[in-house]
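The structure appears below as structure tokens.
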């Protein structure tokens, strides 16, 4: 697993999601290198990490992440998490509560999902992505996550150089296997059951835990929208919420400096 490692002190672990890499945090990490040891891995099969012949399920990623944390002997971790990185981070925190100093999250999978609760267009898209043949065509052949969904959920246009970095790990049909598997792991209406159980468990824990939490949200957002912000504010203990302005899903690309400053201020108080 490839990773960025900058700064000194207690670890600040940055976890990306689908279809990005540690590159997503490039303009945020500089705000935190004087606050701790900033570590940003590329999830297995993604970014510059190797691409073994594995299933790339949620729990495959969990196994690699757990071993990564053990190998680097990371203690007293502050998590900074997004998208599927949030699912992995929340799950790790739930299972290793004594090793967590704080959790900062944005556009995160903080609860299980019902099909009827998401907009019709999004519901249609995700149902297609979860179909074996159509999903394969969209993600493996069409590379829809990198070509469409990534730039389509960032307000500003990405430069050609930025797009080239995001595209680089997925130049072949074979290399895009992780991108195809991720949508099948979202626990819609309880399926897949193992991921549903994991998300339900850490969701309940997040409501009870007094570990310091920071929620960075954008407007209108995609996973964390206005109603979610209100729910989190009312139900998570020891939570601070910060408005990052306009944004959809990959808010690190729209407001990295606002995110970096908010994280630095919050980490100072942990």
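We did not get these values from a lab; they are worked out from the coordinates using the rules stated. The structure displayed is predicted, hence computed values, not measured ones. When we count neighbours, we look across all protein chains shown, and the Cβ atoms used for this are built from the backbone with ideal geometry, even at glycine.
Figures for the structure shown
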| item | result |
| --- | --- |
| The chain: antiparallel DSSP beta bridges as a percent of all, rounded to 5 | 15 |
| The chain, Cα convex hull volume normalised per residue, Å³ | 116 |
| The stretch 123-170: Rg to Rh, with Rh as the Kirkwood radius over Cα pairs | 1.03 |
| Top of 160, 48, 34 by mean-square fluctuation, Gaussian network on the chain, Cα under 10 Å | 160 |
| Alpha carbon convex hull of the stretch 72-225, volume per residue in cubic angstrom | 141 |
| The stretch 168-219 shape via C-alpha gyration tensor axes, a/c threshold 1.5 | oblate |
| Once the Cα gyration tensor of the stretch 194-270 is diagonalised, semi-axes √(5λ) in Å | 22, 17, 11 |
| Spatial extent of the stretch 1-58: Rg and Dmax, with the Cα atoms as the point set, Å | 12.2, 38 |
| Translational D in µm²/s for the stretch 1-123 (Stokes-Einstein at 20 °C, 1.002 mPa s, Kirkwood Rh from C-alpha pairs) | 143 |
| Rough spin-label spacing in nm, given labels placed 7 Å along Cα→Cβ, for residue 191 and residue 269 | 4.4 |
| Computed P(r) (all Cα pairs; the stretch 143-242; 10 Å bins; percent) | 12, 29, 34, 23, 2 |
| Distance histogram in 5 Å bins (all Cα pairs of the stretch 95-177, percent per bin) | 3, 11, 16, 17, 18, 15, 13, 7, 1 |
| Whole-Å distance, taken between Cα centres, linking the stretch 12-87 and the stretch 132-184 | 19 |
| Percent RCO, i.e. relative contact order, over the chain, from Cα pairs under 8 Å lying at least 6 residues apart | 22 |
| For the stretch 52-92, convex hull volume per residue from C-alpha positions, Å³ | 74 |
| Max mean-square fluctuation residue, GNM over the chain, Cα-Cα springs under 10 Å, options 73, 194, 254 | 73 |
